[in-house]
Amino acid sequence: MLRLTDFIIDCPDTMKLAAFYSEVTGRPIKDGSSEEWAGIQFGEIELAFIRVDDYRAPRWPDTEHPKQFHLDFEVDEIEPEQRRVLALGATLRQDFIGPEGYGWRIYTDPIGHPFCLCRNKGVVWTDQGPVWPERG
């Protein structure tokens, strides 16, 4: 059996980046987090941050310093979430929101990792997570 347990992001300052994503997601930084390893729990999966000496940030969309990964966050409304993540230190990079208000925007976190705020037509949020529309 294979089970995903962690998604680990290299960074120069674990607690600073964990604090950013803690504020973005509204989830607390795990007890026991330190300058070497910090985490945020999402059910069975931990979003973790590991300190790396000589960290080299991605410079998305520069292909010489590629992104390596990105995170997508589904939101009910883009504008209020955009104001919030920008105030937390994110930078808006590209906008793919259509005229009806659906699509995504690409941001970078304070150390250059890209992430998206997405608003998909027909997605309904429940206590158990998103319910996607039937695709026919």
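Summary table
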{"read-out": "In the range 53-121, the GluC sites (Glu not before Pro) that fall in loop regions by DSSP, at most 13 other Cβ within 10 Å", "value": "E64, E77, E100"}
{"read-out": "Aspartates and glutamates with Cα under 13 Å of K67, excluding same-chain neighbours fewer than 8 positions away", "value": "D10, D109"}
{"read-out": "Using distinct alpha-carbon pairs, which all enter the 1/r mean, Kirkwood radius of the chain in Å", "value": "16.2 Å"}
{"read-out": "Nitroxide proxy distance, nm - points 7 Å out along Cα→Cβ at K16 and N120", "value": "3.4 nm"}
{"read-out": "Karplus-derived 3J(HN,Hα), 6.51/-1.76/1.60, for each residue of the range 50-61, Hz, glycine and proline x", "value": "10, 6, 10, 5, 6, 4, 10, 6, x, 10, 4, x"}
{"read-out": "J(HN,Hα) series, the range 83-96, from Karplus relation 6.51 cos²θ - 1.76 cosθ + 1.60, nearest Hz, glycine and proline x", "value": "4, 5, 5, 5, 5, 7, x, 6, 10, 6, 10, 8, 10, 10"}
{"read-out": "Label-point separation in nm, E134 to D53, each point 7 Å along Cα→Cβ", "value": "5.9 nm"}
{"read-out": "Check: the range 4-123 dipole with +1 on Lys, Arg Cβ and -1 on Asp, Glu Cβ, in debye", "value": "300 debye"}
{"read-out": "Using alpha-carbon coordinates, inclination of helix 14-25 to the longest axis of the chain, degrees", "value": "20 degrees"}
{"read-out": "Convex hull of the range 41-81 built on C-alpha atoms - directionally averaged projected area, nm²", "value": "5.0 nm²"}
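Here, each number is a calculation from the coordinates, and none is a lab measurement. What you are looking at is a predicted structure, and each value in this text was computed from that prediction instead of being measured. Backbone-built Cβ (ideal geometry, glycine too); neighbour counts: all protein chains shown.
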